[in-house]
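The values are calculated or read from the model by the stated rules, or taken from the named source; none is laboratory data. It should be emphasised that the depicted structure is a prediction, and the values quoted were computed from it without experimental measurement. Quick reminder, even Gly has a Cβ in these numbers, built from the backbone with ideal geometry, and neighbours come from all protein chains shown.
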Amino acid sequence: MPRVSDQHLAARRQQILEAATRCFTRNGFHQTSMQDVINEAGLSVGAFYRYFKSKTDLIRAIATGIVGGLARELDVIVAQEPLPPLTVALRQALDTAERRADGEARIAVQVWGESLRDPELAVLVGDIYRTIRERFVLLATRARDAGQLPPDTDPEAVGPVLFGVLQGYLLQRILVGQIDVDSYAGGVTALLPLNSAPASGTRVASPSRSRT
């Protein structure tokens, strides 16, 4: 039999992940069976299990993909030259979160819940969120070095708080509602009047991304 190309395997794996993401977003992890995902992907059982052996494998793969995309966007924000005011950078991070709020972020909230009962998944989630938190520690470091924060600021203390701003927005946006980026960013600006930041209701352009 002819050898299946790596490109074909990667495309088929992505097809399954996208199908699983739709199912989990629509019905949640516990109400979604493997057969539901197989049907959504339009594959045979044998073809499906070639790529993923369990629902947990799917969750791990989806979570890893989500954090990879978010980390890349945060890297762009943190690497801006010159660094914008910290409140502006946070607004850009919130805009990134908002773009994901109705899809990937809902999966993320479910992953957090699953990690409470699955020790292996808890390790993965811990690694993932440490990765994201590191971006905010770096942002705090750059803000301190740029004179936006006092020179004796400890970025290792400030970074997790900045990360909490992002997490808090997503949780309230998904679980509570009645919140939007403009009002939330306005609240952050009121608490952190660092340098000059746009008033609530003013859109902040996302940082330009380099093209490969």
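Using the structure shown, decide if V158 is in contact with a helix residue (DSSP H, G or I) (Cβ under 9 Å, 6 or more places away or on another chain) and in contact (Cβ under 8 Å) with a residue 12 or more places away in the chain. Walk me through it before giving the result.
Numbers: in contact with a helix residue (DSSP H, G or I) (Cβ under 9 Å, 6 or more places away or on another chain): yes; in contact (Cβ under 8 Å) with a residue 12 or more places away in the chain: yes.
The answer is yes for V158.
Does G147 qualify as being out of contact with any helix residue (DSSP H, G or I) (no Cβ under 9 Å at 6 or more places or on another chain) and in a loop (DSSP other than H, G, I, E, B)? Write out each step before concluding.
Working: out of contact with any helix residue (DSSP H, G or I) (no Cβ under 9 Å at 6 or more places or on another chain): yes; in a loop (DSSP other than H, G, I, E, B): yes.
Yes, satisfied.
Scanning for something in contact with a Pro (Cβ under 7 Å, 6 or more places away or on another chain) and either at negative phi or touching a residue at least 40 places away in the same chain (Cβ under 8 Å) (or both), does the stretch 67-77 turn up at least one residue? Spell out how you get there, then give the answer.
As a first pass, look at the stretch 67-77 and keep what is in contact with a Pro (Cβ under 7 Å, 6 or more places away or on another chain): 76-77.
Okay, now just the ones that are also either at negative phi or touching a residue at least 40 places away in the same chain (Cβ under 8 Å) (or both), so 76-77.
Checked against the condition, which is being in contact with a Pro (Cβ under 7 Å, 6 or more places away or on another chain) and either at negative phi or touching a residue at least 40 places away in the same chain (Cβ under 8 Å) (or both), the stretch 67-77 yields at least one hit.
When the residues of the stretch 1-16 are narrowed to those that are under 25 Å from D102 (Cα atoms) and out of contact with any helix residue (DSSP H, G or I) (no Cβ under 6 Å at 6 or more places or on another chain), which ends up surrounded by the fewest Cβ atoms within 10 Å (Cβ to Cβ)? Steps first, please.
Taking the stretch 1-16 first, the residues under 25 Å from D102 (Cα atoms) are 11-16.
Still in the running and out of contact with any helix residue (DSSP H, G or I) (no Cβ under 6 Å at 6 or more places or on another chain): 11-14.
Values: A11: 10, R12: 17, R13: 14, Q14: 13.
By that ranking, first place goes to A11.
Does any residue in the stretch 135-150 that is under 17 Å from V165 (Cβ atoms) come within less than 7 Å, Cβ to Cβ, of a residue that is part of a helix (DSSP H, G or I) and among the aromatic types (F, W, Y) six or more places away or on a different chain, and which pairs are these?
F136/F163
Take the conditions buried (at least 19 other Cβ atoms within 10 Å of the Cβ) and assigned to a helix (DSSP H, G or I) and apply them to V76. Does it pass? Talk me through it step by step, then tell me what you get.
Working: buried (at least 19 other Cβ atoms within 10 Å of the Cβ): no; assigned to a helix (DSSP H, G or I): yes.
When the stated conditions are applied, V76 does not pass them.
In this structure, is A47 closer than 16 Å to L124 by Cβ, assigned to a helix (DSSP H, G or I) and hydrophobic (A, V, I, L, M, F, W, C)?
Criteria not met by A47.
Hey, among L90, L70, which residue is modelled with pLDDT of 90 or more and among the aliphatic types (A, V, I, L, M)? Talk me through it step by step, then tell me what you get.
Working: L70 fails: modelled with pLDDT of 90 or more.
Checking each option against the conditions leaves just L90.
Can you confirm whether the stretch 97-112 contains a residue that is more than 30 Å from A190 (Cβ to Cβ), in contact (Cβ under 8 Å) with a residue 60 or more places away in the chain and either buried (at least 16 other Cβ atoms within 10 Å of the Cβ) or out of contact with any Asp or Glu (no Cβ under 6 Å at 6 or more places or on another chain) (or both)?
Of all residues in the stretch 97-112, those more than 30 Å from A190 (Cβ to Cβ) come to 107, 110-111.
This time we only want the ones that are in contact (Cβ under 8 Å) with a residue 60 or more places away in the chain, so: 107, 110.
Adding the requirement that they be either buried (at least 16 other Cβ atoms within 10 Å of the Cβ) or out of contact with any Asp or Glu (no Cβ under 6 Å at 6 or more places or on another chain) (or both) leaves 107, 110.
Scanning the stretch 97-112 turns up at least one residue that is more than 30 Å from A190 (Cβ to Cβ), in contact (Cβ under 8 Å) with a residue 60 or more places away in the chain and either buried (at least 16 other Cβ atoms within 10 Å of the Cβ) or out of contact with any Asp or Glu (no Cβ under 6 Å at 6 or more places or on another chain) (or both).
Given the criteria farther than 17 Å from G187 by Cβ and at pLDDT below 95, does T131 qualify? Before you say what the answer is, go through the steps one by one.
Numbers: farther than 17 Å from G187 by Cβ: yes; at pLDDT below 95: yes.
For T131, the condition - farther than 17 Å from G187 by Cβ and at pLDDT below 95 - is met.
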